[in-house]
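Okay, so here's the structure we're looking at.
The values are calculated or read from the model by the stated rules, or taken from the named source; none is laboratory data. Treat the numbers as computed from the prediction; the structure is a model and nothing was measured. Don't worry about glycine lacking a Cβ; one is built from the backbone with ideal geometry, like all the others, and counts go over all protein chains shown.
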Amino acid sequence: MRSYQSVRERKPLAFVLVIATILSSVLTGSAQRAAECTTRITLLQVNDVYQFAPVDRGTRGGLARVMTLKKQIEQESPHTLFLFAGDTISPSVESITYKGAQMIESWNTAGLDYATPGNHEFDFGPKVLRERMQESRFPWIASNVIDKKTGKPFGGAESFVIREFDGVKIGILGLVLPETKTTSRPGPDVDFLNPCETAKKVVSEIHARGAKVVVALTHLSMREDKEVARCSDVDVIIGGHEHTLLESAAGGAPIFKMTADARELGRIDLNISKTSGELESIDWKVIPVTSETKEDPEFASVYRKYKGLLRELSQTVGRTRVALDARSAENRTGETNVGNMVVEAFRRTTGADVALMNGGSIRADTIISPGPLTKRDLLSILPFKNKVVKLEVTGGTLRAALEHGVSRSAEDGEPGRFPQVAGLRFTFDASRPPGSRVVAVTVNGQPLDDNRKYTLATTDFLAIGGGDGYSMLKGARLMISPEQGQNDFDILRRAVAVAKSITPKTDGRIKRLDSARGEKSDCVETK
């Protein structure tokens, strides 16, 4: 378990080591007294959990296993809170049918204490999210998500909560990505306030209520989490969104994030002075959630309710002779065989010159091994069931779309706007300023002509809604409308079923000149 000194006032490491050496015998004798003078509050963290059942072919995750670990920890640390840092209602195979109701039932069963929304909580619109929040037997905390009609946190969420254990108080606030306004479907009546300004305001309110220790439960990028840590007086940030195991710090506050689908459970012990109420130290541990952990029998009711759907999802559609790279990080930074397979199917089905989709729509976040492909496998790749449309666009618009797709930095966590393409090839240099990164584009072997008109197959999420910031596609002439088009999953399923056995590959259609692809900071080795 990693330990952190009191984050409000860190002393030089050499000084700490000298004092530790001199006072080792004193520390041994005073350990019991120190324990008696502090209260330990344990925070259990997960984030980006889209499936209640185990993932990775049963080897990792599963909320029934998390429930077992939670109960074990509560036995030796009674002041325990189970926290969730956003993204659960969507996207998943099950949510296509139940719109996230199965996840709320799962969290209710697992005994979740608090949750903050993620950007994907709004994928089905504000009405559905309100329904899911009403079904929740735990409070949602959304300090910066405001209902414009009431001026209060959306859906009856709390702006913050305060909990007290042994006379010691802690406050918890919740922050959500402002870009949710454009990357999901919150509607016109939901506003996302600046996380930093919100955090400063809410921390002051929490302190005024007598809690000196503040936890920020966030669904932000690491860059935004660091900004919050620097600009506000939070003591620890429990985050999500990247699907990567991350540990960092800024402004004296540690930042912790798990991967996704409860593949691990984070444990944070806050050691707080009983006399001053100040945070003295933090211990952090990552607990792998594997098949070695037994499933809590109380969770069986959830499995029984949804077993019919689980059986349907196990039906075989076809086979793959090669591994399918559906990892989020890969599909959001470069060419993959899954990306090529999907957009080639779009192009063939619509007869378009080129096809483009945002890599963030590929959701499985795993490598699918060679062998049978089930309905679950394909739905896990494309769970949104976006309609595939056909547009008429100029070459200049197409170039602008590609520029937009490669315009984000690595700090933003492999942005979902990255373009997967068919019918064209392009080269980009991410070290150049945004807006000038695409250095070459060819369509069917010919240089892209900015003045020529091309037909483009893409999803209604990008073309109609301008999702992931693809506003340049809005207003283009529709040749196949959403009402006329098929959804992306049906196109992929049909392509696999017709082929029976597939061997998708990469062919160098996307080339990156700089060497930064895959470069990340703050990563913790997970194996």
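The table that follows gives values for the structure above.
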| read-out | value |
| --- | --- |
| Checking Gln420 against (1) of a type outside the set (Val, Ile, Thr); (2) free of Cβ contacts under 8 Å to residues at least 60 places away in the same chain; (3) under 16 Å from Asn331 (Cα atoms), the condition it does not meet | (2) |
| Subset of segment 304-334 that is hydroxyl-bearing (Ser, Thr, Tyr) and surrounded by 15 or more Cβ atoms within 10 Å (Cβ to Cβ) - its residue that is farthest from Ile502 (Cα to Cα) | Tyr306 |
| Residues within segment 45-77 that are among the polar types (S, T, N, Q) and under 15 Å from Asp365 (Cβ atoms), tallied | 3 |
| Residues of segment 255-291 that turn out to be surrounded by fewer than 21 Cβ atoms within 10 Å (Cβ to Cβ), of a type in the set (Gly, Ala, Ser) and under 21 Å from His79 (Cα atoms), as a count | 4 |
| Every residue from segment 441-472 that is more than 17 Å from Ile510 (Cα to Cα), in a loop (DSSP other than H, G, I, E, B) and small (Gly, Ala, Ser) | Gly465, Gly466 |
| Among residues of segment 362-386, those that are in contact with a Ser or Thr (Cβ under 7 Å, 6 or more places away or on another chain) and assigned to a helix (DSSP H, G or I), counted | 1 |
| Every residue from segment 204-219 that is assigned to a helix (DSSP H, G or I) and out of contact with any Leu (no Cβ under 8 Å at 6 or more places or on another chain) | Ser204, Glu205, His207, Ala208 |
| Residues of segment 404-420 that turn out to be surrounded by fewer than 19 Cβ atoms within 10 Å (Cβ to Cβ) and either modelled with pLDDT of 90 or more or not in a loop (DSSP other than H, G, I, E, B) (or both), as a count | 3 |
| Members of segment 473-485 that are assigned to a strand (DSSP E or B) and either of a type outside the set (Lys, Arg) or crowded, with 18+ Cβ neighbours inside 10 Å (or both) | Leu478, Met479, Ile480 |
| Test: residue in segment 421-440 that is part of a loop (DSSP other than H, G, I, E, B), surrounded by fewer than 15 Cβ atoms within 10 Å (Cβ to Cβ) and of a type in the set (S, T, N, Q) | yes |
| Whichever residue in segment 70-98 is among the charged types (D, E, K, R) and modelled with pLDDT of 95 or more and, among such residues, is nearest to Ile238 (Cα to Cα) | Asp87 |
| Lone qualifier among Arg494, Arg517 - being assigned by TED's automatic domain parsing to the domain that holds Pro415 and either farther than 17 Å from Thr349 by Cα or modelled with pLDDT of 95 or more (or both) | Arg494 |
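Okay, residues lined up against (1) in contact with a strand residue (DSSP E or B) (Cβ under 7 Å, 6 or more places away or on another chain); (2) assigned by TED's automatic domain parsing to the domain that holds Leu81; (3) farther than 30 Å from Arg65 by Cβ:
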| site | (1), (2), (3) |
| --- | --- |
| Glu105 | no, yes, no |
| Glu121 | no, yes, no |
| Met133 | yes, yes, no |
| Phe138 | yes, yes, no |
| Asn144 | yes, yes, yes |
| Thr150 | no, yes, yes |
| Val176 | yes, yes, no |
| Thr198 | yes, yes, yes |
| Glu205 | yes, yes, yes |
